[in-house]
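Report on one structure; see the data block that follows.
The values are calculated or read from the model by the stated rules, or taken from the named source; none is laboratory data. It should be emphasised that the depicted structure is a prediction, and the values quoted were computed from it without experimental measurement. In this analysis, Cβ positions are derived from the backbone assuming ideal geometry, glycine residues included, and neighbour counts consider all displayed protein chains.
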Amino acid sequence: MSADETVPEGGPTLRVRLDSLSDGLSARLTGHDEQMVRLLAEQEEAFPPLMVQWPSRRVIDGAHRLRAARLRGDVSIAVRYYECDNAEAFILAVRANVRHGIPLSLRERKVAAARIIRLRIQWSNSRIAKITGLSDKTVAAVRVGLGDTLGEIGGYPYDGRIGLDGRVRPVDAPARRLEVARLIAQNPGASLRAIAALAGVSPETVRAVRRAGTPAEPSGAEPRESNASGPDPRLCHRRLVADPALRFTDRGRLLLRVLGSYPLLEQQPETLVECVPVHDLTLFRHLALAASERWQALASQAALREAESGADAATGEDTSAA
């Protein structure tokens with residue numbers, strides 16, 4: 001195994017019969033490009049060696065070359081065998097197809113990143129980003145998007161994530177607890193294991209943070225405002241109400257009607273509670289908590305969309321391919 005765990009060592013170049021090889025490890029969602037196959041078949045020179053999994057003999061990289069060789073009537077083809085399991089073979093296929101041949105589309109790279117996160121949940125976002133050709137922020141958004149499904153996967157380290165150099169980098173404990181608190185606020189319905197997987201901590205740490213509420217800031221950290229993610233909420237509301245993109249569309253106007261109660265909630269929350277009859281306080285409390293959870297879920301979805309949009313724009317990725 002090489003220093004980079006994602007790349008098993010390949011064997012020597014050999015010539016093998018075409019009928020001994022099969023497809024099956026591609027990261028492409030759209031299948032083969034038949035025009036590319038025909039163009040390759042018209043070439044007279046020998047193809048570069050295919051990357052093939054051993055002992056299954058499934059093609060890791062070179063499916064178009066394999067089809068082209070069959071089309072032009074070749075009997076054998078050059079290959080290099082890689083002794084690896086299916087997870088390693090898929091990661092190797094993604095790595096190869098991001099760097100040459102017909103590039104994977106943005107959507108294919110995101111789908112590949114999601115699969116790699118499931119296969120190697122302990123790997124850092126930067127490590128997976130290097131393999132898939134995405135930005136760290138986009139991989140982080142993909143990880144968050146997997147949500148509660150990550151809780152079904154065990155075996156990830158609780159003290160950090162494995163980086164590009166193979167080292168496990170621990171995360172400062174107070175900072176980790178703050179990250180857990182943030183994820184709980186954004187995903188109130190997520191399980192302990194899902195939050196643990198996203199934050200790189202143990203489920204017991206998540207349980208402790210939930211019981212204790214938001215932890216204190218790490219020593220030496222600057223105090224954060226109550227709404228550290230953006231400007232004054234009243235300013236946010238005024239800007240939303242004034243935005244023509246919302247005012248002149250049906251769905252935008254619907255959203256503005258929903259947001260219309262914010263000024264009253266901001267200015268007179270005690271008055272609203274005082275007008276509730278005592279016998280209805282329990283019902284009101286449950287309704288208010290349910291509404292809070294819905295808004296937190298909306299905030300989480302907005303953060304995910306913002307992260308994906310910002311990452312794609314920053315890296316110049318073509319979102320039309322998704």
(Q) Can you find a residue that is among the β-branched types (Val, Ile, Thr), modelled with pLDDT under 85, out of contact with any His (no Cβ under 6 Å at 6 or more places or on another chain) and outside any loop (DSSP other than H, G, I, E, B) anywhere in the range 151-160? (A) no
Q.
If I filter the range 98-109 down to residues being out of contact with any Ser or Thr (no Cβ under 7 Å at 6 or more places or on another chain) and assigned to a helix (DSSP H, G or I), which single residue comes out as nearest to Leu39 (Cα to Cα)?
A. Arg99
**Q.** Scan of the range 68-97 for residues that are more than 27 Å from the chain's Cα centre (by Cα), assigned to a helix (DSSP H, G or I) and buried (at least 21 other Cβ atoms within 10 Å of the Cβ), ordered by number
**A.** Ala68, Ala69
Q) Counting only residues that are of a type in the set (A, V, I, L, M, F, W, C) and under 25 Å from Thr132 (Cβ atoms), which one in the range 8-29 is surrounded by the fewest Cβ atoms within 10 Å (Cβ to Cβ)? A) Leu29
Q.
Among the residues of the range 242-255, are any of a type in the set (A, V, I, L, M, F, W, C) and outside any helix (DSSP H, G or I)?
A. yes
**Q.** Residue satisfying condition, being modelled with pLDDT under 85, crowded, with 17+ Cβ neighbours inside 10 Å and either under 13 Å from the mean Cα position of the chain (by Cα) or part of a loop (DSSP other than H, G, I, E, B) (or both), within set Ile117, Ile128, Ile121
**A.** Ile121
Q) Any idea which of Val37, Val16, Val94 is among the β-branched types (Val, Ile, Thr) and touching a strand residue (DSSP E or B) at 6+ places or on another chain (Cβ under 7 Å)? A) Val16
(Q) Looking at the range 30-46, can you tell me whether even one residue there is in a strand (DSSP E or B) and farther than 18 Å from Ile131 by Cα? (A) no
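Yes/no per residue for (1) at pLDDT below 80; (2) among the basic types (Lys, Arg); (3) closer than 23 Å to Leu289 by Cβ:
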| position | (1), (2), (3) |
| --- | --- |
| Ala185 | no, no, yes |
| Ala197 | yes, no, no |
| Arg207 | no, yes, yes |
| Pro223 | yes, no, no |
| Pro231 | yes, no, no |
Q: Assess whether Leu134 counts as being at pLDDT 90 or above and among the aliphatic types (A, V, I, L, M).
A: yes
